[in-house]
Amino acid sequence: MSEIEPISPTAEPETPPPAATPAPRRRPVSVTLLALGVIIIGGFNLARFGLAIRYWNYLDKLTTVSPWYLALSGLVWGLAGLPLAWGLIRRKTWAPGLMRAMTLSYATYFWLDQVFLQDHPLTGAEGGARLLLPGNWTFQAGLTVVLIAFIVWTLNRRTTKFYFGEVNEHQ
């Protein structure tokens, strides 16, 4: 026969084992691609900064745009990419919002720079007969639209929202 142990009032109830926390999900490939793109664009902008400093006198004589603009815009965009890339890689909850803001800001900067600051002369044109947009503006516009669409799609995917912990926040 089996013996039944009496329950004593001083016996502590057994505590259930702590709930196992789910292992962190792997970073979605699309988020890795976003981070890689931010690192590349930031690197190009830091190179722009360095090259503007290195070739300051040459740029001052060659272009109508000040080397200050070239150097400072390269520095600002290069440094702005560092926390964004870090946030995307390290799974920070603020990274998707910053990515949206930086996407809109950088696209606006790029097109304002292309339209108003870059020199796009027509072949053999003189005086006011100059193109407002570069010769390959349709390609650049198409690429801008595709990249913005990819970024929006990536940031709105359920796996991305789950990765950054946004699944239940905005529903």
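A short reminder: the numbers here are calculations on the coordinates, not readings from a lab. Here the structure is a predicted model, which means the values were calculated and not measured. Using ideal geometry, Cβ is built from the backbone for each residue, glycine included, and neighbour counts are taken over all protein chains shown.
Which distance in nm do the two modelled labels at L112 and R91 give, with both placed 7 Å along the Cα-to-Cβ direction?
If labels sit at L112 and R91, their model points lie 3.7 nm apart.
Considering only the other residues whose Cβ falls under 13 Å of the Cβ of L155, what net charge follows from Lys and Arg at +1 and Asp and Glu at -1?
It works out to a net charge of +3.
Using label points projected 7 Å from each Cα along Cα→Cβ, tell me how many nm separate L79 and F139, to one decimal.
Distance between label points: 3.4 nm.
Tell me the label-point distance for the pair W153, D60, using the 7 Å Cα-to-Cβ offset, in nm and rounded to one decimal.
Spacing of the two 7 Å Cα→Cβ label points: 4.8 nm.
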